[in-house]
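None of the figures in this text is laboratory data; all of them are computed from the coordinates on show. Nothing here was measured: the structure is a model prediction, and the numbers come from that model. Cβ placement follows ideal geometry from the backbone for every residue including glycine, while neighbour counts extend to all protein chains displayed.
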Amino acid sequence: MAQDRLETDLASLTSLADQSLHGDIYAVIDLGSNSFHMLMVKVIAGSVQVIGRVKRKVRLAAGLDQQQMLTNDAMTRGWECLALFAERLQDIPSTHIRIVGTATLRLAKNSALFLQQAEAIVGQKIQIITGEEEARLIYLGVTHTSTHHDKRLVIDIGGASTEVVVGTDHTPSLLVSLNMGCVTFLDKYFANHVLSQTNFEQAIAAAEQQVQPLVKSYQEHGWQLALGASGTVQAMQEILTAQGTDEHITLPRLESIMQQAIACKVLSQLTITGLVQERKLAFPSGLAILIALFRQLNIKAMILSGGALREGVLYSLLPQLHQADVRNRTVQSLMIRYFIDQQHALRVAEVTKDLAMQLEPSWDLNQFDGHSLLNSGALLHEIGLLIEYKNHHHHGAYIITHAEMPGFTRAQQQLIIALIHNHRADINNDIISKQTMTSVLLAQRLIRILRLAVILCLRRKDEALPQVSIKSEAERLVITLPDGWLEQHPLMSAELEQEVQYQQQAGWQLSVN
């Protein structure tokens, strides 16, 4: 009987797993001019969880001849890649799959021949999207993975096209797709893969010529934030971080990286700290296009977005996720998935907010979105408890380090790691010092506020919270509790005394009255 019951339970669980597989998994394939990408996600706890990414360098654009015909070799590379993807698509409903082709398939006169065989391989229809639709989807992908509500400029440098979009929230206002990309410019302006000043100048001038007609309308429209959504921009950010700067891409930094490339003389010898091998081939041409965009549009600084075309296509399949704030959606999903005590997390977040507002006149906590990131850190500070209590702050930091967090830049994620790791026990100054965009001083201030809030909420009851006043004298904190409260709460008093010692060891002054 027990065996029969076990088999019945296993069959029931298997049935539920099958339903989940068919109901919750989505796949998007982007047939790009440089690479083919497949993104697979599972919708869980009101957010998306990536369960698979596959990328293959197909370099389709390099297979376009002078008559704009795809060569047999290029098409074969594409078909072979799709045969790999097809295996992963077998168990996913066709309504949960979308495959799009971009610039090279728009340009190729024999794209119908490629598509006929490609659709037979994957068993799905493939849609060749217009340049304007590609720009719209890129913008949608950026807005659903970034939390900024400012008016945005979004740029994506692909293999054969470059999309430039300005919009607010989820609505693009101006969008264009330009016929230039890192693969087509590589063959045209870096002949024999020579990295010379002349080759860069010619590539930049050609890109500037294409961008120039946009300048007036885009600058009149304006933007507060520039986001890059391509491998080129990711490469720049990786280089800057590896070379010890923050993640802001600026024109002087791009020109400095160009000089580093020119010093290498040829592409085969291209060695720049932070540049990974797989990005090297298309790097010089992408860099030239990006410099042209910065110069013509007068871009002051740019950061990397969290998503682009694939994410835009994905979210077009998931209208139920369109209304939620991206950052809130990510935090709420993590709280559900890791069984965080939501009532207590909200309590700690409320106390951090109260302390931060009291300190705001003397401590500028709003820079780099400090208040919002402190709130996120407070809501997630117990995420490591699912593993065990003693070192849950370490486990929590590890989880956040390796989590995908739409709505947060990598630098913002780094600050949350520092908050969670340091919300209790010994303070790790090495982790605090790793901030790239956020100042170390801001990180220290936010950590100190969170630590105090966690102690004040120790009893996990709203009615046990004391009325607290806090003020700062430069970096010295003074916290004042009601008369007699410490005597009536000896455990809390001991915790606060210990906290004075922890902060003193870190070089911070704290007084409790």
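Taking 0.36 nm per residue of separation and subtracting the current Cα-Cα distance, fully stretching the chain between residue 429 and residue 196 would add 79.5 nm.
Given a Förster distance of 60 Å, report the FRET efficiency between residue 278 and residue 357 from their Cβ-Cβ distance, rounded to the nearest 0.05. The computed FRET efficiency comes out at 0.80.
Which links in 57/265; 57/280; 57/188; 151/280; 151/300 stretch past 22 Å when you go from one Cα to the other? Write out the running numbers ahead of the final one.
Numbers: 57/265 24 Å; 57/280 12 Å; 57/188 19 Å; 151/280 32 Å; 151/300 15 Å.
Check vs 22 Å cut-off fails for 57/265; 151/280.
Summary of packing: across the peptides 230-238, 183-191, the per-residue average of other C-beta atoms within 10 Å ranks them, highest first, as 230-238, 183-191. Computed about the Cα centre, the dipole magnitude for the chain is approximately 1020 debye when only Lys and Arg (+1) and Asp and Glu (-1) carry charge, each at its Cβ.
Under the simplified labelling scheme, the residue 472-residue 215 pair shows an inter-label distance of 4.3 nm, with each label point 7 Å from Cα along Cα→Cβ.
At what distance in angstrom do the alpha carbon centres of the stretch 266-313 and the stretch 198-265 lie from each other? Centre-to-centre distance over Cα atoms comes out at 7 Å. A P(r) calculated from all alpha carbon pairs of the chain, with 20 Å bins opening at zero, reads 20, 47, 27, 6, 0 percent.
Using square roots of five times the C-alpha gyration tensor eigenvalues, list the equivalent-ellipsoid semi-axes of the stretch 17-128 in whole Å, biggest first.
Working: eigenvalues 164, 32, 24 Å².
Ellipsoid half-lengths, sorted descending, are 29, 13, 11 Å.
Of all lysines in the structure, those lying under 26 Å Cα to Cα from residue 461, and not within fewer than 8 positions of it along the same chain, are 353, 390, 471. Taking the helices alone, the chain has a mean residue ellipticity at 222 nm of -15500 deg cm²/dmol, built from -39,500 (n - 2.57) per DSSP H run of at least 4 residues and averaged over all its residues.
The calculated Kirkwood hydrodynamic radius for the stretch 132-312 is 16.1 Å, given to one decimal from all distinct C-alpha pairs.
Antiparallel as a % of all DSSP beta bridges within the chain, to the nearest 5? Don't skip to the end; give the middle numbers.
Numbers: 39 of 57 bridges.
For the chain, the DSSP antiparallel bridge percentage is about 70.
By the Stokes-Einstein formula, at 1.306 mPa s and 10 °C, the stretch 247-406 with its Kirkwood radius over alpha-carbon pairs has D equal to 81 µm²/s. Summary of the geometry: the stretch 436-500 and the stretch 343-401, compared by the centres of their Cα atoms, lie 13 Å apart. Cross-link partners of residue 125 among lysines, defined as those whose alpha carbon lies under 21 angstrom from its own and excluding same-chain residues fewer than eight positions apart: 55, 109.
Given the C-alpha atoms of the stretch 326-466, compute the convex hull and give its volume per residue in Å³. The partial results should precede the final answer.
Numbers: hull volume 14.2 nm³, N = 141.
That works out to 101 Å³ per residue.
Just tell me which aspartates and glutamates come within less than 15 Å, Cα to Cα, of residue 216; anything on the same chain fewer than 8 places away is out. Residue 216 reaches 208.
Using +1 on the beta carbon of Lys and Arg, -1 on that of Asp and Glu, and nothing else charged, what's the dipole of the stretch 132-312 about the Cα centre, debye to 20? Write down the numbers at each step before the final one.
On the way: 12 positive and 17 negative charges, 67 e Å.
Using Cβ point charges on Lys, Arg, Asp and Glu, the stretch 132-312 gives about 320 debye.
Over the Cα atoms of the stretch 410-513, the radius of gyration divided by the Kirkwood radius equals 0.99; this is the Rg/Rh ratio.
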